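Just below is one structure, and these are the notes that go with it.
Nothing in this text is a laboratory measurement; each read-out follows from the coordinates by a stated rule. From a predicted model like this one, the values you see are computed outputs, not experimental measurements. Every residue, glycine among them, receives a Cβ derived from its backbone with ideal geometry; neighbour counts consider all protein chains shown.
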Amino acid sequence: MDAQQSKILSIVLVVLGLGLIFWGYQLSGSAANEVVKAVQGSSSDAVMYRYIGGAISLAAGAFMFLKKK
């Protein structure tokens, strides 16, 4: 993979990570999640999966973008 492809992939990962984090944030305010919070005391697994996946994707993309080759 050349440097240009690596930069494009890193930008895609950053955008994907931000999208997943935003999607998790949107789900965290949903009525279904409020019921889960009331019963279990924490957010649903779907919200947490999106936050974790978004953070991993964002970190990997940022690392790839800032890495010296």
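Miscellaneous remarks
- Percent RCO, i.e. relative contact order, over the chain, from Cα pairs under 8 Å lying at least 6 residues apart: 51
- For the chain, the residue among TYR49, LEU18, ALA31 whose Cα projects farthest onto the positive side of the dipole built from Cβ charges is LEU18.
- Difference of contour (0.36 nm per residue) and Cα-Cα distance, LEU16 to LEU66: 16.3 nm
- Arranged from fewest to most other beta-carbon atoms within 10 Å of their beta carbon, VAL47, VAL35 become VAL35, VAL47.
- Structural size metrics of the chain, computed from C-alpha coordinates, are Rg and Dmax of 15.5, 50 Å.
- Annotation: the residues ASP45, ASP2, sorted from fewest to most other C-beta atoms within 10 Å of their own C-beta, follow the order ASP2, ASP45.
- Once the Cα-Cα distance is subtracted from the 0.36 nm per residue extended length, the LYS7 to VAL35 segment shows a gain of 5.9 nm.
- Helical content alone sets the calculated 222 nm signal of the chain at -29000 deg cm²/dmol, taking -39,500 (n - 2.57) per DSSP H segment of four or more residues and averaging over every residue.
- ³J(HN,Hα), Karplus 6.51/-1.76/1.60, whole Hz, each residue of the range 17-33, x for Gly, Pro: x, 5, x, 5, 5, 5, 4, x, 5, 5, 5, 5, x, 6, 5, 4, 5
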